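Worksheet for the structure shown next.
The values are calculated or read from the model by the stated rules, or taken from the named source; none is laboratory data. Source: prediction; values computed, not measured. Here the Cβ positions follow ideal geometry from the backbone for every residue, glycine too, while neighbour counts run over all protein chains shown.
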Amino acid sequence: MKNEVVRIPVNGAHIEGALELPENPIGLVLFAHGSGSSRHSPRNNYVAGVLREHGVGTLLMDLLTPEEDRDYSRRFDIDLLTERLLDAARWIKEKPQTGSLPLGFFGASTGAAAALQAAAQDATISAVVSRGGRPDLAGVEALERVEAATLFLVGGHDYGVIELNEAAFADLRCEKRFSVIPGATHLFEEPGTLELVAKQAAKWFESHFRAYVPA
């Protein structure tokens with residue numbers, strides 16, 4: 001297992017991340033966390049650990065600099081988060097050890113909107129997973145342009161968010177799946193629910209990375 005703390009250049013600044021690669025990775029997933037969270041999120045780190053067990057590399061990062069994160073409104077600036085995610089994807093493609101790997105995005109909360117907007121702009125992205133996300137914030141135009149296979153994971157008791165996900169799901173034109181995790185609320189804190197999220201996400205990325213054919 002290779003792991004390193006990385007600094008990714010973004011428009012005159014740098015964002016930090018944790019890049020971890022299992023032996024012979026089949027792909028790499030970039031995590032876009034939700035508002036008020038960070039790359040140290042225990043939920044995203046748990047999911048990332050399960051992905052690595054399935055041979056998938058992970059990059060957990062803070063899409064905002066510490067200074068930017070102190071401005072609360074920046075956490076909901078989907079366009080800025082999208083730009084940073086695309087910057088990170090370009091940086092990963094330029095690294096010798098990861099440049100040939102198929103890429104995916106895992107987005108939570110507002111990070112899901114950024115992941116989908118980024119996938120709409122980068123047709124090389126193989127797969128996207130949204131966990132308890134706000135994909136509706138990506139906008140109809142972006143949702144209709146997404147080509148990456150997309151999985152929505154929503155808590156069965158996350159009322160209000162379920163309906164927003166259903167509306168966004170209807171706008172997708174790509175291969176897609178909508179999965180409701182029984183008994184789960186927004187943060188998937190109920191026993192066994194985060195494990196279901198991680199297993200479904202790992203299976204989704206694994207199957208689409210193994211089917212990846214470079215252009």
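Scanning the range 120-142 for residues that are in contact with a Ser or Thr (Cβ under 9 Å, 6 or more places away or on another chain), of a type outside the set (A, V, I, L, M, F, W, C) and either without any contact (Cβ under 8 Å) to a residue 24 or more places away in the chain or farther than 17 Å from G160 by Cα (or both) yields a single hit, Q121.
Among the criteria (1) farther than 18 Å from R210 by Cβ; (2) in contact (Cβ under 8 Å) with a residue 60 or more places away in the chain; (3) buried (at least 17 other Cβ atoms within 10 Å of the Cβ); (4) not aliphatic (A, V, I, L, M), the one T98 does not fulfil is (1). Count of the range 151-190 residues, restricted to those that are closer than 19 Å to V140 by Cβ, among the small types (G, A, S) and within 17 Å of the chain's Cα centre (by Cα), is 1. Within the range 30-49, the set of residues being assigned to a helix (DSSP H, G or I) and either surrounded by 18 or more Cβ atoms within 10 Å (Cβ to Cβ) or at pLDDT below 80 (or both) comprises R43, N44, V47, A48.
When the residues of the range 106-130 are filtered to those that are closer than 16 Å to L51 by Cβ and in contact with a Phe, Trp or Tyr (Cβ under 7 Å, 6 or more places away or on another chain), the one that is surrounded by the fewest Cβ atoms within 10 Å (Cβ to Cβ) is S126. Within the range 136-153, can you find the residues that are polar (S, T, N, Q) and surrounded by fewer than 18 Cβ atoms within 10 Å (Cβ to Cβ)? None; the set is empty.
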